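One structure below.
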Amino acid sequence: MLPDSDDDEDNLPHWAEGWKVPRSDLVVDEQVLGSGSFGEVRSGVVMKNGELTRAAIKMLKGHASTSERDDFMDELHTMTSIGHHPNVVSLLGACRYREVLYVALEYLPLGDLRSYLRTARSQSDSDEGALSSDQLVKFALDVAKGMEHLSKVGVIHRDLAARNILLSEGRTAKVSDFGLSRGEDIYVQTSKRRVPVRWLAIESIRYKRYTTKSDVWSFGILLWEIVTVGGTPYPTTKCESLARKLKGGYRMPKPSNCDDKSYVLMRKCWEEDPNNRPSFSELVSTLSNTDDSKIQHTYFSFGRVHYENLSAIRPEFDDN
């Protein structure tokens with residue numbers, strides 16, 4: 001529903017003024033795409049350069065707590081600083097109207113990667129949405145490219161996981177959800193905000209220390225999620241015992257449908273010493289190959305997908 005006028009609009013922070021759109025240029029639908037303590041994400045459209053663009057509109061409720069408001073603004077600030085990249089969800093605009101903050105993001109119709117992978121488990125090889133090894137590699141390569149861009153602009157994601165990767169209609173994977181992201185080379189968490197332990201690097205669990213190399217560890221977990229077509233990481237381990245097991249040298253075993261080369265790549269991402277982990281540029285190089293004609297050829301393989309032998313899905317552990 002359109003507002004009667006823009007008279008009730010409030011100013012955005014100076015760093016977001018370049019992204020400001022009038023509230024009258026946003027149309028928010030009734031369809032809820034997601035929700036959380038901050039408010040809701042709804043489908044809608046935004047007027048950009050004289051054209052209507054489909055959008056996912058994230059709304060911060062007016063009665064949000066100070067910490068929720070700060071987190072929401074931190075996420076918006078991160079998105080204004082990362083620029084455009086085909087493998088990162090784009091910011092379309094923002095406004096504040098009658099104490100509600102609206103952030104319009106690129107709409108990705110296929111939803112999040114974890115849900116997409118899990119749905120694929122129920123499809124046969126002949127189904128249109130069935131996943132090939134090449135498609136799984138493409139998901140991983142897309143994410144690596146998006147994270148390479150973030151690392152180059154100095155952003156630490158801190159919550160890289162399949163649930164935070166969104167898919168376009170053409171199945172291009174894009175990094176999203178910058179609610180935990182920080183724009184420093186090294187970030188030491190001082191708040192008590194809950195973070196999903198199963199995707200965290202060992203130094204993040206033990207010392208609350210985050211760098212681009214801790215994002216690389218999380219990428220290794222995401223790679224495992226892709227190879228297992230949406231499996232739950234550490235499906236037999238409770239969070240409270242994970243740090244001790246990792247310190248003792250435990251790493252998830254090779255999935256049944258995973259080739260040796262892919263598993264070696266995961267293990268490199270899970271090196272205890274962050275300096276021994278690959279960079280995202282190295283991961284992009286490993287996952288792809290470019291010939292003289294600039295046409296990309298994937299030579300990596302995750303092995304044939306056998307859905308009946310895949311790792312377990314443990315919903316009770318999904319976001320822990």
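Please treat every number below as a calculation from the coordinates, not as lab data. Computed from a prediction, not measured in an experiment: that's the story for all the values here. Every residue, glycine as well, gets a Cβ built from its backbone with ideal geometry; the counts of neighbours run over all protein chains shown.
Stokes-Einstein diffusion coefficient for the range 69-123 at 10 °C in a medium of 1.306 mPa s, Rh from the Kirkwood formula over Cα pairs: what value in µm²/s?
Diffusion coefficient, whole number: 118 µm²/s.
In nm, to one decimal, how far is the modelled label at Lys152 from the one at Ser24, with both set 7 Å along Cα→Cβ?
Inter-label distance under the simple model: 4.0 nm.
Report, by chain and number, residues whose modeled amide H sits under 5 Å from the one on Gly111, excluding near sequence neighbours (fewer than 5 apart, same chain).
Correct list: Leu167.
For the range 28-164, take N as its residue count and report Rg(C-alpha) divided by 2.2 N^0.38 Å.
Relative to the 2.2 N^0.38 Å estimate, the range 28-164 comes out at 1.17.
Taking amide H positions as placed in the peptide plane 1.01 Å from N, state which residues far from Lys20 in sequence (5 or more) or on other chains have amide H under 5 Å from it.
Those qualifying (amide H under 5 Å, at least 5 residues apart or on another chain) are Ala94.
How many angstrom lie between the Cα centre of the range 209-273 and the Cα centre of the range 102-121?
A separation of 23 Å, based on Cα centres.
Any chance you could run the full-extension gain for Thr119 through Glu272? It's 0.36 nm times the residue separation minus the Cα-Cα distance, nm to one decimal.
51.7 nm
What number of lysine-lysine pairs in the range 224-276 show an alpha-carbon separation below 17 angstrom, given a sequence spacing of 8 or more or placement on distinct chains?
Lysine pairs, 8 or more places apart or on different chains, close enough: 4.
Based on the mean of other Cβ atoms within 10 Å per residue, sort peptides 198-210, 238-250 so the most packed one is first.
With the highest mean Cβ count within 10 Å placed first, the list reads 198-210, 238-250.
Kindly write out, for the range 199-207 in residue order, the coupling ³J(HN,Hα) from the Karplus curve 6.51 cos²θ - 1.76 cosθ + 1.60 (θ = phi - 60°), rounded to whole Hz, with x marking Gly and Pro.
9, 7, 5, 4, 6, 6, 5, 7, 10
Using amide H atoms built in the peptide plane, which far-off residues or other-chain residues are under 5 Å from Gly44 H to H?
Here the answer is Asp29, Ala55, Ile57, since their amide H atoms fall under 5 Å of that of Gly44.
For the range 246-255, just list the computed ³J(HN,Hα) in residue order, Karplus coefficients 6.51, -1.76 and 1.60, θ = phi - 60°, integers in Hz, with x standing in for Gly and Pro.
So the J values, rounded to whole Hz, are 5, 4, x, x, 5, 9, 4, x, 5, x.
Per-residue HN-Hα couplings for the range 217-224, Karplus 6.51 cos²θ - 1.76 cosθ + 1.60 at θ = phi - 60°, whole Hz, x for Gly and Pro?
4, 4, 4, x, 5, 4, 4, 4
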